[in-house]
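Everything below concerns the one structure shown next.
The values are calculated or read from the model by the stated rules, or taken from the named source; none is laboratory data. The shown structure was predicted, so the numbers you read here are calculated from the model rather than taken from an experiment. Using ideal geometry, Cβ is built from the backbone for each residue, glycine included, and neighbour counts are taken over all protein chains shown. The accessibility values were calculated without ligands, DNA or RNA, using every heavy atom of the protein model including side chains. Shrake-Rupley method; radii C 1.70, N 1.55, O 1.52, S 1.80 Å.
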Amino acid sequence: MIDPTPNESEAMSVGGQQGGEYLESIGKSDLTTLTVTEWDRFIDAVVTGYCDHLRELAAKDRTRLDGMSPEVPF
């Protein structure tokens with residue numbers, strides 16, 4: 001990713017942590033030793049962690065922005 005936003009950078013860290021937790025849970029760290037099923041689950045953990053966290057951050061941003069904007073009177 002070229003020039004990730006702060007939210008994207010944070011979400012990448014969270015996704016990476018989720019992937020690392022999965023690898024720890026199966027006792028592997030060498031990606032070349034993963035079975036196809038383990039690889040799929042690893043990628044799922046990384047992508048899901050990234051996407052879920054990015055949505056959480058977007059919701060916080062939306063709430064903050066909505067609180068800053070006065071309502072239009074018409």
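If I filter the range 1-44 down to residues being farther than 26 Å from Arg55 by Cα and among the hydrophobic types (A, V, I, L, M, F, W, C), which single residue comes out as most open to solvent (accessible area, probe 1.4 Å)?
Val36
Restricting the search to the range 14-45, which residues are in a loop (DSSP other than H, G, I, E, B) and of a type in the set (Val, Ile, Thr)? Step through it out loud before you land on a result.
First pass over the range 14-45, keeping only residues in a loop (DSSP other than H, G, I, E, B): 27-30, 34-35.
Within the range 14-45, Thr35 is the sole residue that qualifies.
Listed by first and then second residue, the pairs linking a residue in the range 19-41 that is free of Cβ contacts under 8 Å to residues at least 12 places away in the same chain to a residue that is part of a loop (DSSP other than H, G, I, E, B) and of a type in the set (Lys, Arg), with Cβ atoms under 9 Å apart and 6 or more places separating them unless they lie on different chains, are Leu34/Lys28.
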